[in-house]
1. Kindly indicate the residue of segment 101-116 that is buried (at least 16 other Cβ atoms within 10 Å of the Cβ) and either aliphatic (A, V, I, L, M) or more than 19 Å from the chain's Cα centre (by Cα) (or both) and also nearest to Thr45 (Cα to Cα) among those meeting that condition.
2. Select from segment 188-208 the residues that are of a type outside the set (Phe, Trp, Tyr), at pLDDT 95 or above and not in a helix (DSSP H, G or I) and list them in ascending order.
3. Hey, Ser159 hits all of (1) within 30 Å of Arg220 (Cβ to Cβ); (2) of a type in the set (S, T, N, Q); (3) over 17 Å from the mean Cα position of the chain (by Cα) but one; which does it fall short on?
4. Within segment 179-200, track down each residue that is under 9 Å from Val32 (Cα atoms) and not hydroxyl-bearing (Ser, Thr, Tyr).
5. Pick out, from segment 1-119, the strands (runs of 3 or more DSSP E) lying fully within it that include 1 or more residues that are over 22 Å from Leu177 (Cα atoms) and of a type in the set (A, V, I, L, M).
6. Return a yes/no flag: does segment 7-24 have any residue that is at pLDDT 95 or above, of a type outside the set (Ser, Thr, Tyr) and within 18 Å of Gly148 (Cα to Cα).
7. State which residue is farthest from Val174 (Cα to Cα) when the search covers only segment 80-100 and only residues that are over 20 Å from the mean Cα position of the chain (by Cα) and touching a residue at least 12 places away in the same chain (Cβ under 8 Å).
Amino acid sequence: MSALLDVRGLEAAYGASQVLFGIDLAIGAGEVVTLLGRNGMGKTTTIRAILGLVPARAGTIGFAGDAIAGWPSHRIARAGIGLVPEGRQVFPNLTVAENLVATARPGAWTLERVHALFPRLAERAGNMGNQLSGGEQQMLAIGRGLMGEPRLLILDEPSLGLSPLLVEEMFALVGRLNADGLSVLLVEQNVVQSLAIAHRAYVLEHGAIALSGPAAELARDPALRRSYLGL
């Protein structure tokens, strides 16, 4: 399977504080890859570096054959990398409909298609973003990400703060989107469910890849769960 995203030797820092130390990570077209690790291990910084929000101190980032390290974030988004950020970060003073069209690009993802995926958003189209429940905001954040026509969708801690039922529905949704051909990078602390839907997994520890491999194999490794994930 050819690599859609190919990250090699990525290093990143905040000022004098280095956070990433030579990250190697690849996502093939049509794959779900999960990036796991405890808080503070560098997961969000990895995402931010891929998206151009944190400059890469060293290494390369390839996407669909282009070297995108150093590109501005808006250009990376137009190239086909979408983000569903941690904490949803919907626009609180825009309506649901306005949130969705704010990042829309021409393509397969229309308001009608997002409404078919999330009927609740159609019902709440006139409500402001800050009037939604946590689950509704997560639907809106995912719908907004899809409206940007991504080839790769990055989800940063999408299960955070959701009820167990909504967590189940969210992971099922990721599986359906992937079945339709969307590549997904799932950044999560929900280890068991992430490994259940992913093709491959990477485990970050102190800004470096500690383990990687097929998700099914890592899910069966009790040493991984004790040593790296605190389970």
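The values are calculated or read from the model by the stated rules, or taken from the named source; none is laboratory data. Everything numeric here is computed off the predicted structure, so don't read it as measured data. Backbone-built Cβ (ideal geometry, glycine too); neighbour counts: all protein chains shown.
1. Out of the qualifying residues, it is Ala104.
2. Ala198, His199, Arg200, Ala201, Gly207, Ala208 - these are the residues of segment 188-208 that are of a type outside the set (Phe, Trp, Tyr), at pLDDT 95 or above and not in a helix (DSSP H, G or I).
3. Status for Ser159: all satisfied but (3).
4. Here is the first cut: in segment 179-200, the ones under 9 Å from Val32 (Cα atoms) are 182-186, 197-200.
Matches in segment 179-200: Leu182, Val184, Leu185, Leu186, Ile197, Ala198, His199, Arg200.
5. 3-14, 17-28, 56-63
6. no
7. Out of the qualifying residues, it is Asn93.
Yes/no matrix, rows are residues, columns are (1) polar (S, T, N, Q); (2) under 24 Å from Glu188 (Cβ atoms); (3) in contact with a helix residue (DSSP H, G or I) (Cβ under 9 Å, 6 or more places away or on another chain):
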site: Leu51; (1), (2), (3): no, yes, yes
site: Ala58; (1), (2), (3): no, no, no
site: Ile61; (1), (2), (3): no, yes, yes
site: Trp71; (1), (2), (3): no, no, yes
site: Gly80; (1), (2), (3): no, yes, no
site: Val84; (1), (2), (3): no, yes, yes
site: Phe91; (1), (2), (3): no, no, yes
